[in-house]
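The values are calculated or read from the model by the stated rules, or taken from the named source; none is laboratory data. If you're wondering where the values come from, they're calculated on a predicted model, not measured in any experiment. A quick note on method: Cβ atoms are made from the backbone with ideal geometry, for glycine too, and the neighbour counts reach across all protein chains shown. Side chains included, ligands, DNA and RNA excluded: accessible areas come from the protein's heavy atoms. Shrake-Rupley method; radii C 1.70, N 1.55, O 1.52, S 1.80 Å.
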Amino acid sequence: MDWIQLALRFTHVVFGVFWAGTIFFVVSFLLPAVRKAGPDGGKVMYQLIQGPFPSALPSAAALTILSGLAMFFYPANRMASGFMGETQGIVLSTGALLAIIAFAIGMTIQRPSSLAVAALQGEIQAAGGAPTAAQSERMAALQARVALSLRWISILLGLAVAAMGTWRYF
Ligand code: HEM
């Protein structure tokens, strides 16, 4: 049995499913429910961001990407055989690239904006709970940015998952 291949696949699939599944849940169910709940929904998001969530997701994503990159080069004969020029290699590497772009959007737009939402929510709560007009405006802008970036991340991850699950059959 090839233990290295097994460990890489295990890490890749388990953390990849966690990463993509969590994003799909947040975009499809959590954010709409939070929006409907109004100010109480904001409190739930604040607690979520205070916990391990903002570091758990990038860690899972990083493990998925690192194990995925390692699998491109292990076994080494895959790269040497011209695999990347074949349809299978193109589908697999396109999926990998889309997932990496999703990660980049998460780290540069979605995560900083989510942390800014939490910081602003903290400021509002510390000042008694009623936001000023400027705070409401800034909050709406930040939340729109988070929602839009999450939507793009979920589309890219959806395509990446589709490619990962089907490349073998091209
Ligand atoms: C949400 C992100 C991802 C998910 C859910 C995911 C899931 C999967 C799954 C289920 C497989 C097994 C497919 C099969 O056996 O036919 C796989 C294979 C693979 N993935 Fe991903 N993946 C993701 C992102 C990535 C990324 C970012 C890379 C590279 C940077 C990558 C590289 C690979 C490689 C090279 C394989 C082939 C392994 C092999 O059969 O030898 N994946 N992925």
For the chain, accessible area per residue (1.4 Å probe, heavy atoms of protein chains only), Å² | 58
In whole Å, largest first, what are the principal axis extents of the Cα atoms in region 1-47?
-> 54, 19, 7
For region 36-87, Kirkwood radius (reciprocal of mean inverse C-alpha pair distance, Å) = 14.3
Kirkwood Rh in Å, taken over region 9-97 so that all alpha-carbon pairs contribute = 15.4
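What is the calculated FRET efficiency for Tyr169 to Leu115, with r their C-beta to C-beta distance and R₀ = 41 Å, to the nearest 0.05?
Step by step, r from the Cβ atoms, then E = 0.50.
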What does a probe at Ala144 reach in region 67-105, counting residues whose amide N is under 14 Å from the point 7 Å along Cα→Cβ?
-> none
For region 52-123, what are the per-bin percents of Cα-Cα distances with bins 5 Å wide, up to the bin holding the maximum?
-> 3, 14, 19, 19, 13, 10, 9, 6, 4, 2, 1, 0
Carbon plus sulfur, as percent of the 1.4 Å-probe accessible area of region 103-146, comes to 62
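Using only the Cα atoms of the chain, construct the convex hull and provide its projected area averaged over every direction, in square nanometres to one decimal.
Result: 10.9 nm².
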When the chain is modelled as a GNM with alpha-carbon springs shorter than 10 Å, which of Ala70, Ala37, Ala134 fluctuates the most?
-> Ala134
Filtering trypsin sites (Lys or Arg not before Pro) in region 134-166 by DSSP loop and by at most 10 other Cβ atoms within 10 Å leaves none
What is the magnitude of the charge dipole of the chain about its Cα centre, with +1 placed on the Cβ of each Lys and Arg, -1 on the Cβ of each Asp and Glu, and no other charges, expressed in debye to the nearest 20?
-> 160
Modelled FRET efficiency - R0 22 Å, Arg35 with Ala56, Cβ distances, 0.05 increments = 0.45
Among Leu98, Thr87, Ser28, whose Cα sits farthest toward the positive end of the charge dipole of region 1-134 (+1 at Cβ of Lys/Arg, -1 at Cβ of Asp/Glu, about the Cα centre)?
-> Ser28
